[in-house]
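Shown next, in C-alpha cells, is the structure this report addresses.
None of the figures in this text is laboratory data; all of them are computed from the coordinates on show. From a predicted model like this one, the values you see are computed outputs, not experimental measurements. Here the Cβ positions follow ideal geometry from the backbone for every residue, glycine too, while neighbour counts run over all protein chains shown.
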Amino acid sequence: MDQSLKSPPVLALDDAFHAMIEASRSAPPPSLAARLDSLRRLRTMLADNEKRLEQAISADFGHRCAVETTIAETLFLQAEIKHTLKLLPRWMAPRRIATALQFWPARNRLLPQPLGVVGIIAPWNYPLQLTLAPAIGAIAAGNRVLIKPSELTPRFAALLREVIAAHFDPTVLSVTGIEDGVAQAFAALPFDHLVFTGSTRVGRIVAEAAGRNLTPVTLELGGKSPTIVDVSADLDQAAERIAYAKLLNAGQTCIAPDYVFVPEPQRDAFADKLHRNMLQMFGTNPANNDYTSIISDRHYARLEGLLRDAIARGAKPLSATSPEDPAWKKLRKFPPTVLIGATPDMAIMQEEIFGPLLPVMTYRAADEVIRYINAHDRPLALYWFGRDDAAREAVLARTVSGGVTINDCLLHFAQMNQPMGGVGASGIGHYHGEWGFNSFSKLKPVFYRSPFNRMKDLYPPYGTSIARI
Ligand code: NAD
C-alpha cells in the first residue's frame, strides 16, 4: 500500500480547527496559483479514487447504484471544478464600482477576500457531492476548509479523510471524525463561515449554535418540493420525468419531487402512468443494481410507517409489492409506490418523504394549488409541467421556492451559473459557481481617495461650506 495513503493521525477537533485559524491569520491569502493548485489536486484525488469512493458509498447504503454515484457525485464535482478553474481569475479580480460625481476623480473597487476558515457539515444522501461542492467554492475563495461528514456514511467518511490527508496539508483542507458529540462540537466552533446541508430540524440547531459566535451560515435544508401537472401538460412525458426524478437515489434526494398535484379528472390515468414508468425503469426485482437501498433500517421503518398510516386512513397504493416483502426488506430496497387518495392531514403530506413514495393529489383550479403551496413552508424546489405560458407564469410569480425546473425535475440544480439555495424553511444563502465564491468571500468595498477631490471644502469651520459644494 502507498504509505502516503495511510490514515492520518487523529487530531482532536479543536486542534485541527485552531491550526487552521492560526494558519489563516498568519499567512497572506492564497494566490490564484495556489487556489488553482488545490482545485487540481481535488480533481486528481477524485479521479484516482473514484472507484474506492463509489464502493465505500455503496457499502454505506447497502447498495448505491454506481451510475447514480457517477452522475450525481463524481461528474457533478468534476464539472464544478472545471467551471471554477476556468472562471476563477475573473471572480478573484477586483471589481470596478461606479463612483458618484461628487467624489470624482476617486475610484471604487470591490475586493473579494477570503473569510478565513469555513466549516462544512454534510448529510449522508449524496455524501461526496455535498462535502466537496461547498469545499470547491470555499477553496476557490481562498479559505481553509474543515469538513464533517455524516455518521450514517462511516466507510465513506473514513476514506474521504484518508484521501484528503494524502493530498492536502491539514491546515488547508481536512476531514474530522464522526464520533458521537463531534457534530455538536463542530457547530459550536467559531468558524468564519459555516455551511450546513441537512434537515430543517437540525438546521435550526446549527443556526443557533453559529449565532452564538456570530458565524455567518449557509443552510441548505430540506422540505417538501411540490410538482404541478397543469391541464396543458403532456401526461406521458410528465409521468416519465417525474418517475425518474423521484426514484433517483431511491427518493433520497433533497430536491426530489415530494408530491404531485394533477387535475382531478386525470388522477387515475396519471397515477397509472407513473407507476408503469417506475416498473419499467427499475423493474420488479429488488436485486436490480440500478435501484439504490434505503440508508438504514430506521429510515426504512420510517417510510413503512408513513405508508401504513396513509393506507390505514384510506389512501390506496400502486406498487409491485409491499415494503414488508422480505426479498425487498432484507436489501433495504423500498418498492416504488404511487399513492392516491392521500389527504393533507396525513403524516406523508406533512413531513418530507425522502424515499420512493409519491402521493398524487388532485385539484380543480390552479389557484387551489398555489394557495396550498403558499400555506406551507417555502419549498426547496418546485416543478411545473405544461404548455400554457400564462398558467406557468402565474405559478412562477405567485410561489416562492429555492429553485424551479419547468417541464422536468432536478435540472435547475445542475446549472453551474445558477445559485443553489433554499428560502425560508428550506434554507439560507447560496452556493455553486460564482455564487459560492461570493458567499465564501468578504466582498470588501475600498474607496481610493483622489488628491484632486474637493472634500477638504467640507472640513470645519463649516461656515457656508454646504453652499460651496
Ligand atoms: P440531518 O440534519 O440529520 O444531518 C445532517 C448533518 O448534521 C449530519 O452530518 C449530522 O451529523 C449533523 N448533525 C446532526 N445533529 C447535529 C447537531 N445537533 N449539531 C450539528 N450537526 C448535527 O440530515 P440528513 O438525514 O443527514 O440528511 C437529510 C436531510 O438533508 C433532508 O432533509 C434533505 O432534504 C436535506 N438535504 C438538503 C440538501 C440541500 O442541498 N438543500 C441536500 C441534501 C440533503
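Other residues with beta-carbon under 12 Å from the beta-carbon of Ala301 carry, at +1 per Lys or Arg and -1 per Asp or Glu, a net charge of +2. Close amide H partners of Leu173, meaning residues 5 or more places away or on another chain with modelled amide H under 5 Å apart, are Val145.
Simple rule: put +1 on each Lys or Arg Cβ and -1 on each Asp or Glu Cβ in the chain, find the dipole, and look at Asn374, Leu411, Val423; the Cα lying farthest toward the positive end is Val423.
With the contact rule set at Cα under 8 Å and sequence spacing of 6 or more, what percent relative contact order holds for segment 222-374? Intermediate values should be presented prior to the final figure.
On the way: 256 pairs, mean separation 48.2, N = 153.
That works out to 31 percent.
Counting 0.36 nm for each residue step from Leu214 to Lys86 and taking away their Cα separation leaves a gain of 42.8 nm. In segment 281-336, a dipole from Cβ-located charges (positive for Lys and Arg, negative for Asp and Glu) runs towards its positive end, and of Ser319, Asn285, Leu307 it is Leu307 whose Cα lies farthest in that direction. Considering all different alpha carbon pairs of segment 35-89, the Kirkwood hydrodynamic radius works out to 11.9 Å. The aspartates and glutamates within cross-link reach of Lys51, meaning a Cα-to-Cα straight distance under 18 Å and a gap of 8 or more places when in the same chain, are Asp2, Asp60, Glu68, Glu73, Glu162, Asp290. Which percent of Cα pairs goes in each bin when the distances of segment 372-469 are cut into 5 angstrom slices starting at zero? Taking every Cα pair in segment 372-469, the percentages come to 2, 10, 13, 14, 12, 7, 5, 4, 5, 8, 8, 6, 3, 1. Taking amide H atoms as placed 1.01 Å from N in the peptide plane, the amide H of Tyr363 lies under 5 Å from those of Val262, Glu264, each 5 or more residues away in sequence or on another chain. For segment 302-310, 3J(HN,Hα) computed residue by residue from phi via the Karplus equation (6.51, -1.76, 1.60; θ = phi - 60°) reads 5, 5, 4, x, 4, 5, 4, 4, 5 Hz, glycine and proline entered as x.
Given all pairs of different Cα atoms, what value in angstroms does the Kirkwood hydrodynamic radius of the chain take?
On the way: mean 1/r = 0.0415 Å⁻¹.
24.1 Å is the Kirkwood radius here.
Taking amide H as placed 1.01 Å from N in the peptide plane, Val404 has its amide H under 5 Å from the amide H of Leu382, each at least 5 places away in sequence or on another chain. Counted by neighbouring Cβ atoms within 10 Å, the residues Thr321, Thr176 run from fewest to most as Thr321, Thr176. Rounded to the nearest 20, the Cβ-based charge dipole of the chain about its Cα centre (Lys and Arg +1, Asp and Glu -1) stands at 1800 debye. Taking 21 Å as the straight-line reach from the Cα of Lys333, the lysines in range (excluding those fewer than 8 positions away in the same chain) are Lys246, Lys316. Could you pull out the chymotrypsin sites (Phe, Trp or Tyr not before Pro) across segment 174-212 that fall in loop regions by DSSP (anything but H, G, I, E, B) with no more than 12 other Cβ atoms inside 10 Å? For chymotrypsin sites (Phe, Trp or Tyr not before Pro) across segment 174-212 that sit outside H, G, I, E and B with at most 12 neighbouring Cβ atoms in 10 Å, the list is empty.
Could you give the Stokes-Einstein D for segment 209-298 in µm² per second, using the C-alpha Kirkwood radius, 4 °C, 1.567 mPa s? Walk me through the numbers before you get to the answer.
Numbers: Rh = 15.4 Å.
The Stokes-Einstein estimate is 84 µm²/s.
Shown in residue order for segment 74-87 are the 3J(HN,Hα) couplings computed by the Karplus curve 6.51 cos²θ - 1.76 cosθ + 1.60 at θ = phi - 60°: 5, 5, 4, 5, 4, 5, 5, 5, 4, 4, 5, 4, 6, 9 Hz (x for Gly and Pro). Annotation for segment 242-263 versus segment 38-113: alpha-carbon center distance of 27 Å.
Using only DSSP helix segments of four residues or longer, with each worth -39500 (n - 2.57), what per-residue ellipticity at 222 nm results for the chain after dividing by its residue count and rounding to 500?
On the way: 17 runs with 190 residues, N = 469.
Dividing the helical sum by the residues of the chain leaves -12500 deg cm²/dmol.
Mind listing which trypsin sites (Lys or Arg not before Pro) in segment 312-401 are in a DSSP loop and have 11 or fewer other Cβ atoms within 10 Å?
Details: sites: Arg313, Lys329, Lys330, Arg332, Lys333, Arg364, Arg371, Arg387, Arg392, Arg398; in loops: Arg313, Lys330, Arg332, Lys333, Arg364, Arg387.
Passing both the DSSP loop test and the Cβ count: Lys330, Arg364.
From the C-alpha coordinates alone, can you work out the Kirkwood hydrodynamic radius of segment 277-360, in Å?
On the way: mean 1/r = 0.0773 Å⁻¹.
By the Kirkwood definition, the hydrodynamic radius is 12.9 Å.
Counting only aspartates and glutamates at least 8 places from Lys224 when in the same chain, those with an alpha carbon closer than 13 Å to its own are Asp258, Glu351, Glu352, Asp377.
Based on alpha-carbon atoms, the Kirkwood radius and the radius of gyration of segment 273-312 give Rg/Rh equal to 1.04.
Could you give the Stokes-Einstein D for segment 297-425 in µm² per second, using the C-alpha Kirkwood radius, 37 °C, 0.692 mPa s? Kindly include the intermediate steps, with their values, before the conclusion.
Values: Rh = 16.6 Å.
So the translational diffusion coefficient is about 198 µm²/s.
Between the listed residues His167, Leu219, Ala207, the Cα displaced farthest toward the positive end of the dipole of segment 144-239, a dipole computed from Cβ unit charges relative to the Cα centre, is found at Ala207.
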